[in-house]
Amino acid sequence: MKVGTDGVLLGAWTSLDHHPFSILDIGTGTGVIALMLAQRSHAELIDALEIDEDAYEQAVENFENSDWGDRLFCYHAAFDEFVEEMQDEEKYELIVSNPPFYSADYSSGDAKRDQARFAEALPFEELLEGVSLLLSKKGKFNVIIPYTEEEKFRYLAADHGLFPQRITRVKGTPDSAVKRSLLEMSFLEGQPLIDELVIETARHQYTPEYIELVKDFYLKM
């Protein structure tokens, strides 16, 4: 399956400064973000969750074929089932998610694709409620979402006691609109650090900032 820029961005941008022992990747797809965090960290427990059977099987294969297979485990379950099962267990010190998103004003221009995305979507409310139950008191939650959803997401997060610590808004080119928001959240209130990341100056002409962020994960960068 195709590796998306969103997943690579989140896997590279997520801070590991608090040296998490345990990590959870919600909606891991084929496991890219979990694998990136395994490469970047010494976390001893990296759990991943995926509801789609084909993606789950691919993630398991990718984990087993990686250098970090002994630290990676993938669950095949819906998020609400997983939360119910795990909320009384040890909390995760880092949670990440590149959630399948859908909102009424989002359209890819392909009705069938939009319908599939809607069916697979994990509502932000459900995601945030689950994260608030699974995250340790000093833990961090990192997510990438459409910029158009950022205000709503932050509003919903506050209802669950989660507040942004860092925000990076992502643009494809210097002149394009902001497309994505990378958010690092925790149970601490305060003023978030906000910056901007531009990916390209022209087609395949990547900015130094983007190269610096993702160079460890591409063979040609």
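The values are calculated or read from the model by the stated rules, or taken from the named source; none is laboratory data. Only a predicted model underlies this, so the values are computations on that prediction, with no experimental measurement involved. Please note: Cβ atoms are built from the backbone with ideal geometry, for glycine as well, and neighbour counts cover all protein chains shown. Ligands, DNA and RNA are stripped out before the accessible areas are found, and what is left, the full protein with its side chains, is counted by its heavy atoms. Shrake-Rupley method; radii C 1.70, N 1.55, O 1.52, S 1.80 Å.
Structure data summary
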| item | result |
| --- | --- |
| Residues within region 13-29 that are assigned to a loop (DSSP other than H, G, I, E, B) and surrounded by fewer than 24 Cβ atoms within 10 Å (Cβ to Cβ), tallied | 8 |
| Residues of region 59-80 classified as part of a helix (DSSP H, G or I), open to solvent by 60 Å² or more (accessible area, probe 1.4 Å) and modelled with pLDDT of 95 or more, total | 2 |
| Close pairs (8 angstrom Cβ cut-off, 6 or more residues apart or separate chains): touching a residue at least 24 places away in the same chain (Cβ under 8 Å) in region 51-76, open to solvent by 100 Å² or more (accessible area, probe 1.4 Å) anywhere | Ile51/Glu120; Asp52/Glu120; Ala55/Met1; Gln58/Met1; Phe63/Phe73; Arg71/Glu44; His76/Ile51; His76/Glu53 |
| Region 204-221, residues that are in a helix (DSSP H, G or I), out of contact with any helix residue (DSSP H, G or I) (no Cβ under 6 Å at 6 or more places or on another chain) and open to solvent by less than 50 Å² (accessible area, probe 1.4 Å) | Tyr210 |
| Residue that is within 21 Å of Met185 (Cβ to Cβ) and not basic (Lys, Arg), where the choices are Gly27, Gly69 | Gly27 |
| Extreme residue, modelled with the lowest pLDDT, among residues of region 155-173 that are of a type in the set (Gly, Ala, Ser) and open to solvent by 10 Å² or more (accessible area, probe 1.4 Å) | Gly172 |
| Within region 174-201, tally of residues that are open to solvent by 50 Å² or more (accessible area, probe 1.4 Å) and either touching a Lys or Arg at 6+ places or on another chain (Cβ under 7 Å) or hydrophobic (A, V, I, L, M, F, W, C) (or both) | 7 |
| Residue ranges of strands (runs of 3 or more DSSP E) in region 128-203 with at least 2 members within 21 Å of Leu37 (Cα to Cα) | 135-146, 163-171, 178-186 |
| Among (1) within 12 Å of the chain's Cα centre (by Cα); (2) outside any helix (DSSP H, G or I); (3) not basic (Lys, Arg) - the single one Val8 does not satisfy | (2) |
| Per-region count, region 41-58, residues assigned to a helix (DSSP H, G or I) and exposed (fewer than 15 other Cβ atoms within 10 Å of the Cβ) | 3 |
